[in-house]
Each structure stands twice: as structure tokens, then as C-alpha cells.
1. Full-extension gain between Ala98 and Leu171, please, as 0.36 nm times their residue separation minus the C-alpha to C-alpha distance.
2. Just report the Cα centroid separation between the range 122-190 and the range 31-106, whole Å.
3. Sort 14-20, 72-78 by packing, meaning the average of other beta carbons within 10 Å per residue, with the highest value first.
4. What figure in square angstrom, to the nearest 10, would you give for the accessible area of Met23 with a 1.4 Å probe?
5. For Ser183, enumerate residues with amide H under 5 Å from its amide H, sequence gap 5+ or separate chain, H modeled in the peptide plane.
6. Whole number please: convex hull volume per residue of the Cα set in the chain, in Å³?
7. How far, in nm, would the chain grow between Ser106 and Lys201 when pulled straight, counting 0.36 nm per residue and subtracting the alpha carbon separation?
8. Averaged per residue, what accessible surface does the range 32-90 expose to a 1.4 Å probe, in Å²?
Amino acid sequence: MSPPAPTTLIVIRHGETIWNQEMRFQGHGDSPLTARGRAQAHALGKRLQAMRIDTLISSNLGRAWETATIIAEYTGHAIQSEPRLRERHYGVLEGLCAQEILEQHSGVYQALLTENPDYEIPEGETHRQHYHKNTGVLAAWAKENPGTTTALVTHGGVLENFFRYVAHLDLRQPRCVLPANASLSTIQYGTFYGSTRWVIKSWGDTAHLETFEDASQ
């Protein structure tokens, strides 16, 4: 007997924002999509329109929700809000660029460089807290929605935590994946080579942006 169909998550990073352009920490702070970011979201929508998707879920932060709203124009889905898909809360660092952080919060910056997953950013949260919040979504979804395909619109830090979870990477290891704005990554839960687990099917796919990016240059 063949194994049941896997549970598939298409994990999407939101489109480019003004703070992305300015290289500012976003976290729970927010910044609207740029014109480029909105164009990226439209390209995502056109690609996802051709795919079988059962559910569309988004972080409830504005930049992810704006991206999901544009996608929904093409796929026709109602968007479900999931606060556990929020970016890490960067507390006092939010809205600041690297130079401003060095000038105003040099101690916090140095603490972040240690990769201590239990360091709590003032007025923010630890990496470990954020990791468990994010990965709780994976554990619940695999159990409650077997065999479905879901699109999740979320953030770079969430994608990093999903990668760590599936690849069993230690939280102290420096970040090793840098997903582009409006990229999509696919992970699946099912039986692969005799064991039931999460696997990475693709990562950081931006094929839908190629025509758009070429035209913008």
C-alpha cells in the first residue's frame, strides 16, 4: 500500500518594504510594501493562481498581510490570520538601521553577535521563544491537516526557523539561509525513504520574479 499524500506548506516571504530598502530592523514594527514589493506580490499571485492550494494563511503583521491580500486577488482565497507567523520581536532595535543600533544600543548588538538563543532583546523576545512559537505551527498543521497544500505568507526570520526545524540545526548556529523578498519555499510532511518527517522540497524559489526583475533593470 502506498503512503498517504504528504502535507505541503508553500512558505512565502513578504514583498519588499520601505524598511527593507533602508535596511532597518522590522520585527513587530511595520513598514508598507514599496512599489517593487507590490509588483513582487502580484508576480507571486500569478504563479500561485496556477497551483492547487487549499488554504491561504498570513502573519497578521501589515507587510505580510498586504502581500497575502494581493495574492488572494489571484487565488480567490479568504486569508486566515496566524499571529504565530510573526517575525521575531526586536524590541528597542525596531525601526533602526545598523549604524543607529551601534550608536544607541551597542551592548544589545554585541549580545546578538554571540548567537545566544536565550538572550532577550530589551522590550523584545529571545530567539528560542520565537523559534518555538513558529515551529508550533508546523507541528499542529501536520497533525490537523494531513494531505493538504497550504500557502503561508510570513517573514525571513520565520523561514529561518522552519529551515532549522526541518534540518535539525542547533539554535546557536549562525543563520545560513537568506530568503529573498517574495521568494517561496516548499516543505512537506510525510513518509520519505521509510520514515515519517518534514523534508525541504525547494528553497528560496524566485522564478516568478525573473521577468519582472529583468524588466526593472
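1. Values: separation 73, 0.36 × 73 = 26.28 nm, distance 2.26 nm.
Gain in length upon complete extension: 24.0 nm.
2. 15
3. Numbers: 14-20: 22.7, 72-78: 14.3.
Ranking the peptides 14-20, 72-78 by packing returns 14-20, 72-78.
4. So the heavy atoms of Met23 present about 150 Å² to solvent.
5. Answer set, sorted by chain and number: Arg13.
6. Values: hull volume 27.1 nm³, N = 217.
Looking at the chain, the number lands at 125 Å³ per residue.
7. Numbers: separation 95, 0.36 × 95 = 34.20 nm, distance 3.92 nm.
Gain on extension, Ser106 to Lys201, equals 30.3 nm.
8. Values: 2570 Å² over 59 residues.
I get 44 Å² per residue for the range 32-90.
The values are calculated or read from the model by the stated rules, or taken from the named source; none is laboratory data. All values derive from a computational prediction rather than experimental measurement. Glycine gets a Cβ as well: all are built from the backbone with ideal geometry, and neighbour counts include every protein chain shown. All accessible areas refer to the heavy atoms of the entire protein, side chains included, with ligands and DNA or RNA removed. Shrake-Rupley method; radii C 1.70, N 1.55, O 1.52, S 1.80 Å.
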